[in-house]
Amino acid sequence: MTAELRGDVPIDSSSIRFRLTQLDTHNISPSESSPLCLRTSPFLPRGQQFYKVPVVRLFGATQAGQRVVAHVHGAMPYFYVQYEAAIDPDTVHSYIRRLGTALNYATAASLGKISSTRPADRGKHQYVAYIVLCKGIPFYGFHVGYRHFLKIYCLQPKFKKRMAELLRTGKVMSPLGYSQAGRASDSTRPSAFKIFEEHIPFHLQFMLDHNLYGCGWVELSKCVFRRPLPDNHAAGEGCEGPIYLIAQSRTSSTATGLRSDSCTTILSNF
């Protein structure tokens, strides 16, 4: 039995709700990404943009049975390192710039992209997206009170563990960075960082951060639909919820699924 179409949603509707069945990641040029998302980094030469940025694709179906592919922009893998230098703004900013630049260089060198015949090029070595200072309670062992951490966002999930290992083994600058007097630390102890959360896969990290789980509901409070929207859909018996159709289109479309774009700040699964 074919049910009548109910609750047609016009093309400018900005929200959608669907069940999550699968997700993956692919890379696109920043020019194809959302204008609200990061396109460059303080560790690149001025005016230089990323070559590629990650986009998470969420696959699923609405309550009425329409298939959905949602492209979520702005999500990036990350891990934490414990920050042990001074927390005045000048020291923090200088330390972050040094760390990001050094980590880009060390990652490129570990991949064999820097040698005597292939000098370093800041514009080409793009591994660190950005770094922010945050605070939290370490969950290894017993601790009282907060500690400061640097949250390091990576451009590519496949390089996250490599970057964390370079920091763990002391191959990238020093965790102390600066003494309280503001000078570079002269400590001779091994300069190994304390790393957190580098073992969590990117997709699991994304789902945890946005309260998503398999076959659960994904709610986007604002998104942009990609044309063409389907011009017809036969809802099955017992299906509820809106049906997303193109409103009064003069041209026929054979598309049966929905494609939309959104940013991580628009996920409202809380």
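Taking residues in the stretch 32-56 that are over 28 Å from ARG226 (Cβ atoms), and partners anywhere that are assigned to a loop (DSSP other than H, G, I, E, B) and among the polar types (S, T, N, Q), the pairs with Cβ atoms closer than 7 Å and at least 6 places apart or on different chains are LEU44/GLN126; GLN48/THR40. Within the stretch 68-77, is even one residue over 21 Å from VAL224 (Cα atoms) and of a type outside the set (Phe, Trp, Tyr)? For the stretch 68-77, residues over 21 Å from VAL224 (Cα atoms) and of a type outside the set (Phe, Trp, Tyr): present.
Could you tell me whether any residue of the stretch 136-144 is modelled with pLDDT under 95 and touching a His at 6+ places or on another chain (Cβ under 9 Å)? Yes, that holds for at least one residue. Given the options TYR105, TYR95, TYR83, TYR127, name the one that is of a type in the set (Phe, Trp, Tyr), at pLDDT 90 or above and out of contact with any Phe, Trp or Tyr (no Cβ under 9 Å at 6 or more places or on another chain). Answer to the selection: TYR105. When THR169 is tested against (1) surrounded by 14 or more Cβ atoms within 10 Å (Cβ to Cβ); (2) at pLDDT 85 or above, just one condition goes unmet, and that condition is (1).
Could you list all residues from the stretch 23-81 that are among the basic types (Lys, Arg) and either surrounded by 20 or more Cβ atoms within 10 Å (Cβ to Cβ) or touching a helix residue (DSSP H, G or I) at 6+ places or on another chain (Cβ under 9 Å) (or both)?
Correct list: ARG39, LYS52.
What is the one condition in (1) buried (at least 18 other Cβ atoms within 10 Å of the Cβ); (2) over 18 Å from the mean Cα position of the chain (by Cα); (3) without any contact (Cβ under 8 Å) to a residue 40 or more places away in the chain that ASP121 does not satisfy? It fails just one condition, (1).
Remark: GLY214 falls outside the filter, which requires a residue to be modelled with pLDDT under 65 and either more than 22 Å from ARG67 (Cβ to Cβ) or part of a loop (DSSP other than H, G, I, E, B) (or both). Checking the stated criteria, TYR178 turns out to be assigned by TED's automatic domain parsing to the domain that holds VAL92, buried (at least 16 other Cβ atoms within 10 Å of the Cβ), modelled with pLDDT under 90 and touching a helix residue (DSSP H, G or I) at 6+ places or on another chain (Cβ under 8 Å).
When the residues of the stretch 124-133 are filtered to those that are of a type outside the set (Ser, Thr, Tyr) and touching a residue at least 40 places away in the same chain (Cβ under 8 Å), the one that is surrounded by the fewest Cβ atoms within 10 Å (Cβ to Cβ) is LEU133.
Pick from the stretch 1-39 the residues that are assigned to a loop (DSSP other than H, G, I, E, B) and within 14 Å of the chain's Cα centre (by Cα): which of them is modelled with the lowest pLDDT? Step through it out loud before you land on a result.
Initial filter on the stretch 1-39 (assigned to a loop (DSSP other than H, G, I, E, B)): 1-7, 10-15, 29, 33-39.
Remaining after also requiring within 14 Å of the chain's Cα centre (by Cα): 33-34, 36-39.
Values: SER33: 78, SER34: 76, LEU36: 72, CYS37: 81, LEU38: 84, ARG39: 88.
So the residue we want is LEU36.
The values are calculated or read from the model by the stated rules, or taken from the named source; none is laboratory data. All figures in this text were calculated on a predicted structure; none of them were measured in a lab. Ideal geometry is used to build each Cβ from the backbone, glycine not excepted, and the neighbour counts take in all protein chains shown.
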